[in-house]
Amino acid sequence: MKPELPEKRRQTLEDMFFHEQDRRIIERRAKLQQLEQTKANLATVSGIHDDALLEKLIALEIGPETLTTLIGIPLIEVAWADGQMDDKERQKLFEYAEKAGLRQKGLDPKIMSAWLKKKPDPALLTAWKQYVQTLCKELNAHERIALRDEVMADARSVAEAAGGILGLGTISAEEKAMLKTLEESFRT
(Lines give C-alpha, C1' and ligand atoms only; values in the text may rest on other atoms or scores of the structure.)
Protein backbone atom coordinates (compact mmCIF):
# COMPACT_ATOMS: atom_id res chain seq x y z
CA MET A 1 0.00 0.00 0.00
CA LYS A 2 1.28 3.46 -1.00
CA PRO A 3 1.54 6.10 1.64
CA GLU A 4 -0.99 8.87 0.90
CA LEU A 5 0.74 11.70 2.67
CA PRO A 6 3.73 11.93 0.31
CA GLU A 7 1.39 11.70 -2.70
CA LYS A 8 -0.75 14.58 -1.42
CA ARG A 9 2.33 16.63 -0.71
CA ARG A 10 3.68 15.89 -4.19
CA GLN A 11 0.39 16.96 -5.75
CA THR A 12 0.29 20.13 -3.64
CA LEU A 13 3.87 20.92 -4.58
CA GLU A 14 3.11 20.42 -8.30
CA ASP A 15 -0.03 22.53 -8.04
CA MET A 16 1.91 25.33 -6.39
CA PHE A 17 4.65 25.14 -9.01
CA PHE A 18 2.27 25.22 -11.95
CA HIS A 19 0.13 27.92 -10.34
CA GLU A 20 3.25 30.09 -10.02
CA GLN A 21 4.23 29.32 -13.65
CA ASP A 22 0.71 30.20 -14.85
CA ARG A 23 0.81 33.46 -12.89
CA ARG A 24 4.14 34.40 -14.48
CA ILE A 25 2.86 33.59 -17.96
CA ILE A 26 -0.26 35.68 -17.40
CA GLU A 27 1.84 38.59 -16.08
CA ARG A 28 4.21 38.40 -19.06
CA ARG A 29 1.28 38.31 -21.47
CA ALA A 30 -0.30 41.35 -19.78
CA LYS A 31 3.00 43.27 -19.92
CA LEU A 32 3.42 42.36 -23.58
CA GLN A 33 -0.12 43.53 -24.36
CA GLN A 34 0.52 46.78 -22.48
CA LEU A 35 3.78 47.28 -24.40
CA GLU A 36 2.03 46.67 -27.72
CA GLN A 37 -0.77 49.10 -26.80
CA THR A 38 1.72 51.77 -25.76
CA LYS A 39 3.70 51.23 -28.98
CA ALA A 40 0.48 51.57 -30.98
CA ASN A 41 -0.38 54.81 -29.14
CA LEU A 42 3.10 56.24 -29.77
CA ALA A 43 2.93 55.22 -33.44
CA THR A 44 -0.49 56.85 -33.80
CA VAL A 45 0.53 60.22 -32.35
CA SER A 46 3.92 60.33 -34.05
CA GLY A 47 3.76 58.37 -37.27
CA ILE A 48 6.85 56.45 -36.11
CA HIS A 49 6.72 52.77 -37.03
CA ASP A 50 10.27 51.71 -36.17
CA ASP A 51 9.75 49.06 -33.46
CA ALA A 52 13.23 49.46 -31.98
CA LEU A 53 12.77 53.20 -31.60
CA LEU A 54 9.27 52.85 -30.16
CA GLU A 55 10.50 50.29 -27.62
CA LYS A 56 13.41 52.55 -26.65
CA LEU A 57 11.06 55.51 -26.17
CA ILE A 58 8.87 53.32 -23.95
CA ALA A 59 11.92 52.18 -21.97
CA LEU A 60 12.81 55.86 -21.46
CA GLU A 61 9.22 56.39 -20.24
CA ILE A 62 8.35 58.79 -23.03
CA GLY A 63 4.59 58.73 -23.35
CA PRO A 64 2.29 59.88 -26.14
CA GLU A 65 1.93 63.39 -24.71
CA THR A 66 5.70 63.95 -24.59
CA LEU A 67 6.19 62.49 -28.06
CA THR A 68 3.40 64.68 -29.43
CA THR A 69 5.18 67.72 -28.01
CA LEU A 70 8.55 66.53 -29.28
CA ILE A 71 7.19 66.35 -32.82
CA GLY A 72 4.74 69.26 -32.60
CA ILE A 73 7.13 72.01 -31.52
CA PRO A 74 9.26 71.78 -34.69
CA LEU A 75 6.10 72.05 -36.80
CA ILE A 76 5.13 75.27 -35.05
CA GLU A 77 8.68 76.65 -35.24
CA VAL A 78 8.93 75.94 -38.98
CA ALA A 79 5.52 77.46 -39.63
CA TRP A 80 6.62 80.67 -37.88
CA ALA A 81 10.20 80.69 -39.26
CA ASP A 82 9.49 83.45 -41.77
CA GLY A 83 7.60 85.53 -39.18
CA GLN A 84 4.13 84.65 -40.41
CA MET A 85 1.98 81.57 -40.65
CA ASP A 86 0.48 80.77 -44.02
CA ASP A 87 -3.02 79.26 -44.22
CA LYS A 88 -1.58 76.08 -45.75
CA GLU A 89 0.90 75.77 -42.87
CA ARG A 90 -1.93 76.33 -40.41
CA GLN A 91 -3.89 73.56 -42.12
CA LYS A 92 -0.90 71.18 -41.83
CA LEU A 93 -0.71 71.91 -38.11
CA PHE A 94 -4.42 71.22 -37.67
CA GLU A 95 -3.95 67.95 -39.58
CA TYR A 96 -1.11 67.00 -37.25
CA ALA A 97 -3.18 67.87 -34.18
CA GLU A 98 -6.03 65.74 -35.50
CA LYS A 99 -3.72 62.81 -36.34
CA ALA A 100 -2.12 62.98 -32.90
CA GLY A 101 -5.54 63.12 -31.25
CA LEU A 102 -4.66 66.26 -29.33
CA ARG A 103 -8.25 67.34 -28.86
CA GLN A 104 -9.19 63.94 -27.42
CA LYS A 105 -6.20 64.19 -25.07
CA GLY A 106 -7.54 67.41 -23.64
CA LEU A 107 -5.71 70.09 -25.65
CA ASP A 108 -7.88 73.15 -25.44
CA PRO A 109 -8.65 74.43 -28.96
CA LYS A 110 -8.00 77.95 -27.62
CA ILE A 111 -4.39 76.99 -26.82
CA MET A 112 -3.96 75.57 -30.31
CA SER A 113 -5.42 78.77 -31.78
CA ALA A 114 -3.02 80.88 -29.69
CA TRP A 115 -0.05 78.91 -31.04
CA LEU A 116 -1.29 79.57 -34.54
CA LYS A 117 -1.85 83.31 -34.01
CA LYS A 118 1.36 84.27 -32.21
CA LYS A 119 4.92 83.10 -32.68
CA PRO A 120 6.08 81.10 -29.64
CA ASP A 121 8.60 82.52 -27.20
CA PRO A 122 12.19 81.62 -28.24
CA ALA A 123 12.55 79.79 -24.92
CA LEU A 124 10.29 77.04 -26.31
CA LEU A 125 12.75 76.23 -29.08
CA THR A 126 15.68 76.38 -26.65
CA ALA A 127 13.96 73.96 -24.27
CA TRP A 128 13.08 71.64 -27.19
CA LYS A 129 16.68 71.58 -28.43
CA GLN A 130 18.01 70.81 -24.96
CA TYR A 131 15.48 68.01 -24.51
CA VAL A 132 16.30 66.48 -27.91
CA GLN A 133 20.05 66.65 -27.26
CA THR A 134 19.60 64.93 -23.90
CA LEU A 135 17.30 62.31 -25.41
CA CYS A 136 19.70 61.60 -28.26
CA LYS A 137 22.43 60.70 -25.76
CA GLU A 138 20.18 57.82 -24.66
CA LEU A 139 19.57 56.55 -28.20
CA ASN A 140 21.85 54.47 -30.39
CA ALA A 141 22.69 55.74 -33.88
CA HIS A 142 19.83 53.84 -35.58
CA GLU A 143 17.24 55.10 -33.08
CA ARG A 144 18.53 58.67 -33.25
CA ILE A 145 18.41 58.69 -37.07
CA ALA A 146 14.91 57.17 -37.10
CA LEU A 147 13.63 59.81 -34.68
CA ARG A 148 15.37 62.64 -36.56
CA ASP A 149 13.99 61.45 -39.89
CA GLU A 150 10.42 61.27 -38.58
CA VAL A 151 10.53 64.68 -36.89
CA MET A 152 12.22 66.32 -39.86
CA ALA A 153 9.83 64.78 -42.41
CA ASP A 154 6.87 66.27 -40.56
CA ALA A 155 8.63 69.64 -40.19
CA ARG A 156 9.50 69.67 -43.92
CA SER A 157 5.89 68.95 -44.82
CA VAL A 158 4.87 72.13 -42.98
CA ALA A 159 7.65 74.12 -44.69
CA GLU A 160 6.61 72.82 -48.10
CA ALA A 161 2.92 73.52 -47.45
CA ALA A 162 3.25 77.26 -48.11
CA GLY A 163 4.95 76.68 -51.45
CA GLY A 164 7.64 79.33 -51.00
CA ILE A 165 7.45 82.78 -52.57
CA LEU A 166 4.37 83.02 -54.83
CA GLY A 167 4.17 79.24 -54.79
CA LEU A 168 7.30 78.98 -56.97
CA GLY A 169 9.83 77.71 -54.44
CA THR A 170 9.23 74.90 -52.06
CA ILE A 171 10.83 76.15 -48.85
CA SER A 172 11.73 79.72 -47.88
CA ALA A 173 15.26 80.63 -46.76
CA GLU A 174 14.02 81.21 -43.20
CA GLU A 175 12.31 77.83 -43.12
CA LYS A 176 15.47 76.16 -44.45
CA ALA A 177 17.46 77.82 -41.68
CA MET A 178 14.96 76.59 -39.07
CA LEU A 179 15.04 73.07 -40.50
CA LYS A 180 18.84 73.13 -40.25
CA THR A 181 18.64 74.33 -36.63
CA LEU A 182 16.18 71.58 -35.77
CA GLU A 183 18.22 68.88 -37.49
CA GLU A 184 21.43 69.93 -35.74
CA SER A 185 19.76 69.18 -32.41
CA PHE A 186 19.84 65.48 -33.23
CA ARG A 187 23.64 65.40 -33.41
CA THR A 188 25.43 64.22 -30.30
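To keep it simple, each residue is scored yes or no on (1) in a helix (DSSP H, G or I); (2) at positive phi; (3) out of contact with any Phe, Trp or Tyr (no Cβ under 8 Å at 6 or more places or on another chain).
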{"residue": "LEU42", "(1), (2), (3)": "yes, no, yes"}
{"residue": "VAL45", "(1), (2), (3)": "yes, no, yes"}
{"residue": "ALA52", "(1), (2), (3)": "yes, no, yes"}
{"residue": "ILE76", "(1), (2), (3)": "yes, no, no"}
{"residue": "ALA81", "(1), (2), (3)": "no, no, yes"}
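If the condition is being in a helix (DSSP H, G or I) and either in contact with a helix residue (DSSP H, G or I) (Cβ under 7 Å, 6 or more places away or on another chain) or within 28 Å of ASP86 (Cα to Cα) (or both), then segment 132-149 contributes VAL132, CYS136, HIS142, GLU143, ARG144, ALA146, LEU147, ARG148, ASP149.
Cβ separations smaller than 6 Å between residues 6+ apart or across chains give the following pairs from segment 20-49 residues that are under 19 Å from PRO64 (Cβ atoms) and touching a residue at least 40 places away in the same chain (Cβ under 8 Å) to residues that are surrounded by 11 or more Cβ atoms within 10 Å (Cβ to Cβ) and among the polar types (S, T, N, Q): VAL45/THR68.
State the number of residues belonging to segment 77-87 that are in contact with a helix residue (DSSP H, G or I) (Cβ under 8 Å, 6 or more places away or on another chain) and modelled with pLDDT of 85 or more.
7
The residues on offer are GLU36, GLU95, and the sole one that is under 23 Å from ASN140 (Cβ atoms) and over 13 Å from the mean Cα position of the chain (by Cα) is GLU36.
Does GLY101 fit the bill of being in contact with a helix residue (DSSP H, G or I) (Cβ under 9 Å, 6 or more places away or on another chain), assigned to a helix (DSSP H, G or I) and at pLDDT below 90?
No; evaluated as a whole, the condition is false for this residue.
Exactly one residue out of GLN130, GLN91 is at pLDDT 90 or above and either more than 19 Å from ILE48 (Cβ to Cβ) or of a type in the set (Val, Ile, Thr) (or both), and it is GLN130.
Quick grid of which residues meet (1) among the aliphatic types (A, V, I, L, M); (2) within 11 Å of the chain's Cα centre (by Cα); (3) within 26 Å of ASP121 (Cβ to Cβ):
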{"site": "ALA40", "(1), (2), (3)": "yes, yes, no"}
{"site": "LEU70", "(1), (2), (3)": "yes, yes, yes"}
{"site": "ILE73", "(1), (2), (3)": "yes, no, yes"}
{"site": "TRP80", "(1), (2), (3)": "no, no, yes"}
{"site": "GLN84", "(1), (2), (3)": "no, no, yes"}
{"site": "ARG90", "(1), (2), (3)": "no, no, yes"}
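Of the listed requirements (1) over 21 Å from LEU42 (Cα atoms); (2) surrounded by 12 or more Cβ atoms within 10 Å (Cβ to Cβ), LYS117 misses just one: (2).
With the structure loaded, tell me whether ASP149 is farther than 14 Å from ILE48 by Cβ, free of Cβ contacts under 8 Å to residues at least 60 places away in the same chain and acidic (Asp, Glu) or whether it fails that test. Answer is no for this residue.
Does SER46 satisfy the criteria of being at pLDDT below 85 and under 25 Å from PHE186 (Cα atoms)? The answer is yes for SER46.
The residue that is modelled with the lowest pLDDT, among those in segment 159-176 that are surrounded by 14 or more Cβ atoms within 10 Å (Cβ to Cβ) and small (Gly, Ala, Ser), is GLY164. Only one of the numbered conditions (1) over 30 Å from LYS176 (Cβ atoms); (2) surrounded by 11 or more Cβ atoms within 10 Å (Cβ to Cβ); (3) basic (Lys, Arg) is violated by ARG10, and that is (2).
The values are calculated or read from the model by the stated rules, or taken from the named source; none is laboratory data. Every value quoted in this text rests on a predicted model; they were computed, and no experiment measured them. Backbone-built Cβ (ideal geometry, glycine too); neighbour counts: all protein chains shown.
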